[in-house]
Amino acid sequence: MAIDPDPAAPPVARRPGVGGLIRRYWFDVVLWKRILAALVLGTIIGLVLGEVAVQIKWMGDVFIRLIRMVVAPLVFFSIVSGIAGMSDARRLGSIGVKTLALYLTLTVIAVSVGLSIGTLFQPGVGMNVSGATPEVIAKAPPGLGEHLISIIPTNPIAALAAGEIQSVIFFGILVGLGILTIAPKAEIAARLFQAGADIMLQIVRFIMEVAPFGVFALVAWVMGTSGPGAFVHVLKLAAALIVGCAIQTLLIHGGLIRLVARLPALPFFRDITDAVTIAFSTSSSAATLPVAMRVAEKNLGVSHTVASTALPLGVTLSMDGTALYVALLAMLSAQAFGVDLTFAQYLMLGITTTVVALGTAPVPSASLFMLAAVLQVIGLSAEQTALVVGFVLPFDRLLDMTRTITNATSDLSVAVTVAKWEGELDEAAYLARPVE
Ligand code: ASP
């Protein structure tokens, strides 16, 4: 006969099984802590393994492919639904103008920081680039006018298929405006695009579960193959870049949040850890975009409308870290080749670097390929540019990781500020700790 358990008896403590342990020590730990732990572990393992670390790089490649997979559909669905969800079309103008004005201001500041730090650190003085293997830049970047025209896609489906973000944004804005202006008739389309954006963000959520493994492998690979030892070869340049990026991120972006948006800066930096670690490990703003959009909406309390317009624009247009780096490299080149810059040349350098930074692709090492346009301004030849690129390229990955962080923080700080100005920020969510 079965004996009924005594209902008054205290419950017997059961030892958790393997599943329970995995849940407790993995899935129940907030994501940013897992990613940060992966970053630290990846650094150590990479330094221990050395070149062998290349064997695990595939895990990083899998992660980058997964995340790049969602970029084009996420941007398209988000931008259409963000605009279609506005109360009226004038909001787009207001959000757009504020966003672009902030991006431009930040880029100009970044270029000034780069030029000042370059003057202060003198990274090119005494440098001998003649030993470098010249790295010829195959294709000159297109002129500004040409670039602007090419944003209009002749075939939007082809632009989507090729992942041309600026063209996708352009077409997305028009589709969103179309829906908004014929509102009741297109209700079903508005709902469809909103559902599409939600689905894409959910896919990002799934992909982020592999992020700790991807980050671990990428960082181990970089540390194993280049290692911090690489910094020694370009020590002054690296030090100048780190100081410059720290100033731009902590003082300028932090200052924007604190003084302009009038919000505490600490929750901002705490809540964006996921995006920062992904920027650092992938060296690509494009790969960071899906995570940045998720972080903005889920952790920072930025509305879907602002996040979906400000962030994709920022990824393609605003690159503070890149602007700062290109300005710094221009100073390094001028110093290495003994060019004494006049005030007018400084000015031209500043303007050209700003324009170049606006057109740099959000992928690893992209800024190096924009250098020719900037160095031309100070009278350096194509051969001299090739020498500088050849000198920096072998060590560029670590430098790229640093500047891509600043590229990401610039976009997120602008999204928060514009959301605050537009009354599109959920301040309680901004202040609260991230839950995932
Ligand atoms: N890697 C940078 C980015 O994707 C671009 C660059 O500075 O090379 O944001």
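The table below gives the values:
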quantity	calculated
Estimated vicinal HN-Hα couplings, Hz - segment 363-370 in sequence order (Karplus 6.51, -1.76, 1.60; Gly, Pro = x)	10, x, 6, 4, 5, 4, 7, 9
Choice from SER318, SER167, SER150 showing the highest fluctuation, given a GNM over the chain with Cα pairs closer than 10 Å	SER150
Segment 375-415 versus segment 141-214: alpha-carbon centroid distance in Å	28
Fewest-first sequence of HIS147, HIS253, HIS304 by Cβ atoms within 10 Å of each Cβ	HIS147, HIS304, HIS253
26 Å Cα-Cα threshold exceeded, pairs from LYS33/LYS57; LYS298/LYS420; LYS33/LYS236; LYS57/LYS236	LYS33/LYS236; LYS57/LYS236
Length gained when the stretch LYS236-ALA158 is fully extended (0.36 nm per residue, less Cα-Cα span)	23.7 nm
Segment 206-341: relative contact order in percent, alpha carbon pairs under 8 Å with at least 6 residues between	23
Normalised contact order of the chain, rounded percent, pairs of Cα under 8 Å and 6 or more residues apart	30
Helix runs (DSSP H) in the chain reaching 20 Å along axis by Cα, Kyte-Doolittle at least 0.5	31-49, 57-84, 90-121, 165-181, 187-208, 211-225, 320-336, 343-359
Sum of -39500 (n - 2.57) over DSSP H runs of 4+, divided by residues of the chain (222 nm, nearest 500)	-21500 deg cm²/dmol
Most mobile listed residue (ASP400, ASP61, ASP320) in the chain, GNM with C-alpha springs under 10 Å	ASP61
Within a Gaussian network of the chain (alpha carbon springs, distance under 10 Å), most fluctuating of GLY20, GLY254, GLY46	GLY20
Three semi-axes of the equivalent ellipsoid, the chain, Cα gyration tensor, whole Å, largest first	39, 30, 20
Segment 262-363: trypsin sites (Lys or Arg not before Pro) in DSSP coil with no more than 10 other Cβ atoms inside 10 Å	ARG262
Inter-label distance, nm, simple model (7 Å from Cα along the C-beta direction), LEU431/THR119	4.2
Spherically averaged projected area of segment 336-436 from its Cα convex hull (nm²)	9.6
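Every number in this text was worked out from the coordinates using simple rules, so none of it is lab data. On a predicted model such as this, the values are computed, not experimentally measured, just so you know. No Cβ is skipped: glycine too gets one built from the backbone with ideal geometry, and neighbour counts run over all protein chains shown.
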